[in-house]
Amino acid sequence: APILGIETSCDETAAAIYCGERGLLAHVLHSQVRLHAEYGGVVPELASRDHVSRINGLIRAALGEAGVSPADLGGVAYTAGPGLIGALMVGASVAAGLASALGVPLIPVHHMEAHLLAPMLEDPPPRFPFLALLVSGGHTMLVDVRGYGVYALLGESLDDAVGEAFDKTAKLLGLPYPGGPELAKLAESGRDGVFRFPRPMTDRPGLEFSFSGLKTAVLTALPPDADAQTRADLARAFEEAVTDTLVIKVERALQAAKLDRLVVAGGVGANRRLRAKLAERARHLGVALHFPRQAFCTDNAAMVAYAGWVRRHGGQAAGGALFTTPRWPLDTLTPPRAAA
Ligand code: ATP
Ligand code: MG
Ligand code: FE
């Protein structure tokens, strides 16, 4: 039976329906970008309130688009964490109420597992095992993925996440929130080689990242009266440094884990430079490369419905109690248990 997925971990409110036999039946989303823009970042209290006002309408829209009635649902999946606790509580409460009223399982979903599984919605889906590069607003991780719920963390950022580094650097360059896509757009008119920033932590072994120094490097190089071309050149150099760093570590991780399949997911996975560089390296190395479509790189409920279906399919969900958690290490997950 179809699974309803609900996403409210940050500043996107979303609902989707996934069904094992028929695939993704519907996905709808409301972005709060304009709500938070004037504050230059997500205001948690405003996010929670806006989720409350949008979520029921979005669920109805997803059911309508899918042609599924609530009574047909086989479970309700929701993002339980990691994320903003007040925002998570909205989706969790709605999901719990609905699941209890319908008498179907409530399925908590790990937001980063959902990001990681998003490419499974594409054709062809990646086969296990693979290396996952998770690059989002809150996370930068290299994960050795052996199966559903079998995740070994190979490396992560010691400070800023990549998306966070994009957003903070964009702010320095005077770009509106959310800065990542804006910086990428500005970088397109930047000239190559005018500025050059370090590729942090690539001169020593290891799979850890550090991105906070790059924004400082941009700030130091930024003249007080920088014209548009100079700012574009800085954006270009920043994007080159970040994407080169990611590519170098990905190649290292593929070798270390002896993997020949790569999955890239999370909001920064939408970055064109990164996609082009990884595609070029993957071709050279004979590595199969899988991305979600652009819309499923950033937060969405399709990936939550899919992850929920995977968990339900494994028989995990029955009797699930409502919970939310702001922090939840990905490598503490276990495979969905086989149905009893
Ligand atoms: P997390 O998933 O870690 O909880 P999040 O849900 O806020 O964080 P996502 O929605 O996956 O993160 O991605 C948002 C991030 O992706 C933002 O930091 C945004 O700037 C960045 N981003 C989106 N598009 C691009 C792009 N084209 N280039 C660079 N960064 C981008
Ligand atoms: Mg977001
Ligand atoms: Fe996310």
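Remark: Arg261 falls outside the filter, which requires a residue to be surrounded by fewer than 15 Cβ atoms within 10 Å (Cβ to Cβ) and in contact with a Pro (Cβ under 6 Å, 6 or more places away or on another chain).
For the stretch 262-294, the set of residues classified as of a type outside the set (D, E, K, R), within 16 Å of ligand 1 (Cβ to nearest atom) and free of Cβ contacts under 8 Å to residues at least 24 places away in the same chain consists of Ala276, Ala279, listed by residue number.
Scanning the stretch 167-191 for residues that are farther than 15 Å from Arg272 by Cβ and of a type outside the set (A, V, I, L, M, F, W, C) returns Asp167, Lys168, Thr169, Lys171, Gly174, Pro176, Tyr177, Pro178, Gly179, Arg191. Report whether or not Ile17 is in contact with a Lys or Arg (Cβ under 8 Å, 6 or more places away or on another chain) and more than 14 Å from ligand 1 (Cβ to nearest atom). It is false that Ile17 is in contact with a Lys or Arg (Cβ under 8 Å, 6 or more places away or on another chain) and more than 14 Å from ligand 1 (Cβ to nearest atom). Checking Leu259, Leu330 one by one, the residue that is in contact with a Phe, Trp or Tyr (Cβ under 7 Å, 6 or more places away or on another chain), at pLDDT 95 or above and within 16 Å of ligand 1 (Cβ to nearest atom) is Leu330 and no other. Among the conditions (1) over 21 Å from Leu330 (Cβ atoms); (2) in a strand (DSSP E or B); (3) away from ligand 2 (no atom under 16 Å from the Cβ); (4) out of contact with any Pro (no Cβ under 8 Å at 6 or more places or on another chain), the only one that Ile107 does not satisfy is (1). Taking first residues from the stretch 137-161 that are under 14 Å from Leu262 (Cβ atoms) and outside any strand (DSSP E or B) and partners that are among the polar types (S, T, N, Q) and within 14 Å of ligand 1 (Cβ to nearest atom), no Cβ contact under 8 Å between residues at least 6 apart in sequence or on separate chains turns up. When you check Leu207 against the structure, is it more than 13 Å from ligand 1 (Cβ to nearest atom), within 22 Å of the chain's Cα centre (by Cα), modelled with pLDDT of 95 or more and not aromatic (Phe, Trp, Tyr), yes or no? Yes: the conditions hold for Leu207.
What do you reckon, is Pro178 buried (at least 19 other Cβ atoms within 10 Å of the Cβ) and at pLDDT below 95? So Pro178 fits the description; yes. From the list Thr230, Thr245, Thr216, Thr220, the one residue that fits, being in contact with a strand residue (DSSP E or B) (Cβ under 9 Å, 6 or more places away or on another chain) and either outside any loop (DSSP other than H, G, I, E, B) or not charged (D, E, K, R) (or both), is Thr245. Trp328 passes every criterion in (1) within 16 Å of ligand 3 (Cβ to nearest atom); (2) over 30 Å from Asp192 (Cα atoms); (3) in contact with a Leu (Cβ under 8 Å, 6 or more places away or on another chain); (4) in a loop (DSSP other than H, G, I, E, B) apart from (3).
For residues that are free of Cβ contacts under 8 Å to residues at least 24 places away in the same chain and over 16 Å from Ser9 (Cα atoms), scanning just the stretch 21-35, find the one that is farthest from ligand 3 (Cβ to nearest atom). Don't jump to the end; show me each part of the working.
So in the stretch 21-35, the residues free of Cβ contacts under 8 Å to residues at least 24 places away in the same chain come out as 21-22, 31-32, 34.
Checking the rest, the ones that are also over 16 Å from Ser9 (Cα atoms) come to 21-22, 34.
Numbers: Glu21: 28, Arg22: 26, Arg34: 19 Å.
The extreme case among them is Glu21.
Exactly one residue among Gly83, Gly41 is over 22 Å from Leu330 (Cβ atoms), in a loop (DSSP other than H, G, I, E, B), in contact with a helix residue (DSSP H, G or I) (Cβ under 9 Å, 6 or more places away or on another chain) and within 16 Å of ligand 3 (Cβ to nearest atom), and that residue is Gly41. Candidates in the stretch 92-133 are the residues that are touching a His at 6+ places or on another chain (Cβ under 7 Å) and buried (at least 24 other Cβ atoms within 10 Å of the Cβ); of these, the one that is nearest to Gln294 (Cα to Cα) is Pro119. Is it the case that the stretch 173-183 has a residue that's outside any loop (DSSP other than H, G, I, E, B), over 23 Å from Asp233 (Cα atoms) and in contact (Cβ under 8 Å) with a residue 24 or more places away in the chain? No, the conditions are met nowhere in the stretch 173-183.
Restricting the stretch 20-58 to residues that are in contact with a strand residue (DSSP E or B) (Cβ under 9 Å, 6 or more places away or on another chain) and under 20 Å from Arg312 (Cβ atoms), the residue that is farthest from ligand 1 (Cβ to nearest atom) is Gly20. Restricting Ala228, Ala235 to those that are at pLDDT 95 or above and touching a Leu at 6+ places or on another chain (Cβ under 7 Å) reduces the list to Ala235. What about Ala61, is it of a type outside the set (Asp, Glu), within 14 Å of ligand 1 (Cβ to nearest atom), surrounded by fewer than 21 Cβ atoms within 10 Å (Cβ to Cβ) and over 19 Å from the mean Cα position of the chain (by Cα)? Judged against the criteria, Ala61 is not a match.
The values are calculated or read from the model by the stated rules, or taken from the named source; none is laboratory data. What you are looking at is a predicted structure, and each value in this text was computed from that prediction instead of being measured. Heads up, the Cβs are rebuilt from the backbone with ideal geometry, glycines too, and the neighbour counts pull from every protein chain shown.
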